[in-house]
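For reference, the structure discussed in these notes is given below.
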Amino acid sequence: MKHEILIPGIKATFAVGFWGASFIATKLALQDVSPVTIVWMRFAMGVIILGIFVLYRRQFVLPKRDELAYFALLGFIGITFHQWLQSTGLITAQASTTAWIVATTPVFMAILGWLFLKELLGRLHVLGILLASIGVLLVVSQGDWLALISGRFGVYGDLLILISAPNWAIFSVLSRYGLARHPAARMMFYVMVFGWLFTTGLLINGPGFTEIGKLSQTGWLGILFLGIACSGLAYIFWYDALQAIPVSQVGAFLYLEPLIAVVVAGVLLGEPILVTSIFGGGFILFGVWLVNRPVRKEDAPYKQEIS
């Protein structure tokens, strides 16, 4: 039994490690090219790798005509817009700060589930949301307590990254419909194709393909890591883990993502590891842990009435 979960556990760890380091790779590539070029190149590679995987698993089936608009919407929200938010945000936001903010995504998923899916929201969930919010304030203030009190803290990039968290939560909620009808890898392939196509339009009308020639060796390494590891292998590893390990156990691996990002950003980018950031990150992770805990109906005063 231990052997049966060892390999999936290793795959989940690698997937989270890749995603944690993705913020640093993006920062490196941003030194050479614009965000839209990074997103286009990253998901061009991701589409190829995920497509080969879907064909190898014999999961490829053309989507139905009435599903095209749905997958296009998901592609725009989850790939084009989401990655634009994060890549553009990373121009000014620190990679470590970004990772902590992105870690709040489950909080927004809980709020959306309560608002639109009639899911229960217990006292511990509410406490978790408050703690995660405090943690974000501590992280983006970077130890400047006076700025925290006055409300003047953070950079423009932090705001874009913060918007990306509820945006991914919306994408995740909308994805439930498709995941009930398609294997996860196949659906992600459809979504990634549409998102990449939308990004192609932005690239043509923006910096154009000539910008790719500006990439340095470091920039290419960042792009290759994003495309091969983060947009290709990480999704495959993650879905393999989900097939072998309960969702709740696989989800716990995500707590490693911001920790990995902080360490890698400190080593490769020289970003300082502040006590306030670690303290705030602790608030975020504990808050997310509370939000992910199951709730009993009798402990859930905050619930939407089903009419």
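Applying a threshold of 6 Å to beta carbon distances and a minimum spacing of six or more residues, or different chains, the list of pairs starting in the stretch 48-65 at a residue that is more than 23 Å from residue 177 (Cβ to Cβ) and ending at one that is in a helix (DSSP H, G or I) reads 49/232.
Looking across the stretch 107-125, the residues that are over 23 Å from the mean Cα position of the chain (by Cα) and in a helix (DSSP H, G or I) come down to 123, 124. In the list 164, 175, which residue meets the criterion of being modelled with pLDDT of 90 or more, within 29 Å of residue 231 (Cα to Cα) and touching a Leu at 6+ places or on another chain (Cβ under 8 Å)? Only one candidate passes the filter, namely 164. The residue that is surrounded by the most Cβ atoms within 10 Å (Cβ to Cβ), counting only those in the stretch 158-194 that are in a helix (DSSP H, G or I) and without any contact (Cβ under 8 Å) to a residue 12 or more places away in the chain, is 179.
Within the stretch 128-157, the set of residues being modelled with pLDDT of 90 or more and among the charged types (D, E, K, R) is empty. Residues in the stretch 53-71 include at least one that is at pLDDT below 95, surrounded by 19 or more Cβ atoms within 10 Å (Cβ to Cβ) and of a type in the set (A, V, I, L, M). For the stretch 194-222, a tally of residues being in contact with a Leu (Cβ under 9 Å, 6 or more places away or on another chain) and within 25 Å of residue 72 (Cβ to Cβ) returns 3.
The C-beta contact set for the stretch 265-278 (first residue touching a residue at least 40 places away in the same chain (Cβ under 8 Å) and within 13 Å of residue 93 (Cα to Cα), second residue in a loop (DSSP other than H, G, I, E, B) and aliphatic (A, V, I, L, M), distance under 9 angstrom, 6+ apart or interchain) comprises 265/273. Would you confirm, using the coordinates I've provided, whether residue 31 is within 20 Å of residue 203 (Cβ to Cβ), in contact (Cβ under 8 Å) with a residue 24 or more places away in the chain and in a helix (DSSP H, G or I)? It is false that residue 31 is within 20 Å of residue 203 (Cβ to Cβ), in contact (Cβ under 8 Å) with a residue 24 or more places away in the chain and in a helix (DSSP H, G or I).
If you go through the stretch 70-106 and keep only what is under 13 Å from the mean Cα position of the chain (by Cα) and part of a loop (DSSP other than H, G, I, E, B), you end up with 103, 104.
Checking each residue in the stretch 228-256 for being modelled with pLDDT under 80, assigned to a helix (DSSP H, G or I) and more than 15 Å from residue 20 (Cα to Cα) picks out 242, 243, 244, 247, 248, 249, 250. In the stretch 204-227, the qualifying residues are those that are part of a helix (DSSP H, G or I) and of a type in the set (A, V, I, L, M), and the one that is surrounded by the most Cβ atoms within 10 Å (Cβ to Cβ) is 226. In the set (1) aromatic (Phe, Trp, Tyr); (2) out of contact with any helix residue (DSSP H, G or I) (no Cβ under 9 Å at 6 or more places or on another chain); (3) at pLDDT 95 or above, the condition left unmet by residue 76 is number (2).
Condition (residue is under 24 Å from residue 71 (Cα atoms), touching a residue at least 12 places away in the same chain (Cβ under 8 Å) and acidic (Asp, Glu)) applied to the stretch 232-240: is it met by at least one residue? So far as the stretch 232-240 goes, yes, one or more of its residues are under 24 Å from residue 71 (Cα atoms), touching a residue at least 12 places away in the same chain (Cβ under 8 Å) and acidic (Asp, Glu).
The values are calculated or read from the model by the stated rules, or taken from the named source; none is laboratory data. Source: prediction; values computed, not measured. For neighbour counting, all protein chains shown are included, and Cβ atoms are generated from backbone atoms with ideal geometry for every residue, glycine included.
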